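Right, one structure below, let's go through it.
The values are calculated or read from the model by the stated rules, or taken from the named source; none is laboratory data. Note that this is a predicted model, so its numbers are computed, not measured. So basically every Cβ, Gly included, is an ideal-geometry build from the backbone, and we count neighbours across all protein chains shown. The accessibility values were calculated without ligands, DNA or RNA, using every heavy atom of the protein model including side chains. Shrake-Rupley method; radii C 1.70, N 1.55, O 1.52, S 1.80 Å.
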Amino acid sequence: TGYDKDVQHGLVCAKTDQHTGIQWYAGSNVETKATETAVLTGQANTTKIINVQKRDVQYAALICDEYNEGTYTDWFLPSKDELQLMYNKLYKALSAIGGFSGNYWSSTEMSNNNDNDGAWGQSFSENSPSEYKKSKTCRVRAVRAF
């Protein structure tokens with residue numbers, strides 16, 4: 001939500017949540033290998049998740065992938081660090097701009113979880129990245145790179 005003519009590239013998030021309570025997965029605890037945490041890795045994570053989870057039912061990554069706003073259709077579920085950046089730059093620094101509330105999913109799967117049932121989320125009320133069970137329902141906010 002914003003544009004700076006001097007910036008060559010960056011991230012932008014959707015103005016509102018795409019969902020206020022949805023699971024990370026499509027109902028199956030399978031490893032997706034979507035374990036990247038860094039900024040600019042959310043798109044790759046989202047693609048990995050969808051390739052494994054398919055498109056049979058709605059889940060966090062799919063909702064972001066299918067989102068479109070205006071002419072943009074290249075949205076994705078943010079990585080753990082992209083989600084933290086949204087907290088730091090939009091929620092904390094700009095006095096809660098964007099209407100963020102509660103817990104949000106990232107596209108980052110827990111790489112050290114033997115049961116394949118965990119993924120990273122972010123509490124916007126407590127500023128704490130946390131491991132959540134993939135079956136937990138959290139909010140979703142899509143992002144895109146430019």
Query raised in the report: What's the angle, to the nearest 10 degrees (0 to 90), between helix 42-53's Cα axis and the longest principal axis of the chain?
Result: 30 degrees
Query raised in the report: Heavy-atom accessible area of residue 141 with all protein chains present, probe 1.4 Å, nearest 10 Å²?
Result: 10 Å²
Requested in this report: Describe numerically, in nm with one decimal, the distance between label points set 7 Å from Cα along Cα→Cβ at residue 56 and at residue 116.
Outcome: 1.3 nm
Query raised in the report: Which of the listed residues, 71, 100, 39, is farthest toward the dipole's positive end in the chain, when Lys, Arg count +1 and Asp, Glu count -1 at the beta-carbon?
Result: 100
Report task. Quote to one decimal, in nm, the extra length available between residue 128 and residue 44 on full extension: 0.36 nm per residue of separation minus the C-alpha distance between them. Result -> 27.9 nm
Requested in this report: Taking every pair of alpha-carbon atoms in the chain, give the share separated by more than 27 Å as a whole percent.
Outcome: 14 percent
Query raised in the report: So what does residue 101 come to for accessible area, using a 1.4 Å probe and Å² rounded to 10?
Result: 60 Å²
Query raised in the report: Who wins for biggest fluctuation among 36, 131, 69 in a Gaussian network model of the chain, springs between alpha carbons below 10 Å?
Result: 69
